[in-house]
Amino acid sequence: MTTPDHPSPASQPPVPAGKDRIYRSPLGLAGGVLLLLVVLWLGFDALFKGHGRTPWLALAGLILVVPLVCAFTLRPAVFANEERLRVRNPFRVISLPWGEVAGLRSGYTNEVLAKSGTKYQLWAVPVSLRARKKAARRQQRAAADAARGGTPGGGLGPSGLGLGGFSLRGPDTGPTRADTDKVMDDLRDLLEQHGAAEPAEGEVGVRWAYEVVAPAVAGAVLLAILLATG
């Protein structure tokens with residue numbers, strides 16, 4: 001039985017001691033800021049200029065929507081160091097020592113698999129199928145260049161339409177791996193390096209983000225009461 005002086009890992013995940021690598025979604029952050037500005041603008045306009053029950057409905061809507069927008073756009077992040085992987089999702093924080101990580105999987109979503117069989121989605125590392133297709137096309141062009149003897153631009157050789165053996169399209173200098181796939185490669189390298197290390201042993205900890213859940217639930221209850229009594 002645990003005591004208040006020694007909280008269980010499930011209720012309070014240990015804080016990583018080493019320096020963290022932090023991974024977040026730049027597009028998610030930018031979209032969250034813009035969406036939050038729109039929500040606040042509309043909400044405060046209704047709150048201060050509305051009449052009758054409108055200000056109360058606007059207040060309830062803000063209490064409900066603002067935490068959810070922050071949770072799904074600004075909050076998600078992945079922290080990794082030599083000891084553990086810490087995943088901050090919209091409503092939970094999951095702390096996984098590398099010794100408890102079975103693997104990292106990429107499909108339509110990026111996920112970390114614990115040795116217990118539980119999987120956790122990495123919200124901060126979303127999959128972009130479009131970026132993957134673009135990176136795959138660049139890989140194919142680079143391979144074709146190498147097969148042709150390194151013709152710049154991945155285009156046509158001397159017998160083609162290019163002038164002087166160069167492609168009219170110009171050199172393709174874009175990345176051959178999608179950004180989120182590079183992040184997963186980094187995490188797999190950390191797992192391979194530190195998965196069997198003694199400091200990486202421990203238990204998986206999960207903490208619910210009550211600072212997000214509580215105001216959202218309060219706003220939903222208040223909005224439901226206002227609509228029911230209207």
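The values are calculated or read from the model by the stated rules, or taken from the named source; none is laboratory data. Source: prediction; values computed, not measured. Cβ placement follows ideal geometry from the backbone for every residue including glycine, while neighbour counts extend to all protein chains displayed. Accessible surface areas use protein heavy atoms only, side chains included; no ligands, DNA or RNA. Shrake-Rupley method; radii C 1.70, N 1.55, O 1.52, S 1.80 Å.
Details
- The set of residues in the range 86-103 that are out of contact with any Phe, Trp or Tyr (no Cβ under 7 Å at 6 or more places or on another chain), aliphatic (A, V, I, L, M) and open to solvent by less than 20 Å² (accessible area, probe 1.4 Å) comprises V93, L96, V101.
One line per residue, one yes/no per condition, for (1) modelled with pLDDT under 90; (2) touching a Lys or Arg at 6+ places or on another chain (Cβ under 8 Å):
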position	(1), (2)
P16	yes, yes
G28	no, no
L57	no, no
E100	no, yes
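- Criterion violated by L37 - all others in (1) open to solvent by 70 Å² or more (accessible area, probe 1.4 Å); (2) at pLDDT below 95 satisfied: (2)
- Looking only at residues of the range 202-228 that are touching a strand residue (DSSP E or B) at 6+ places or on another chain (Cβ under 9 Å) and surrounded by 14 or more Cβ atoms within 10 Å (Cβ to Cβ), we find that the one that is farthest from G61 (Cα to Cα) is G202.
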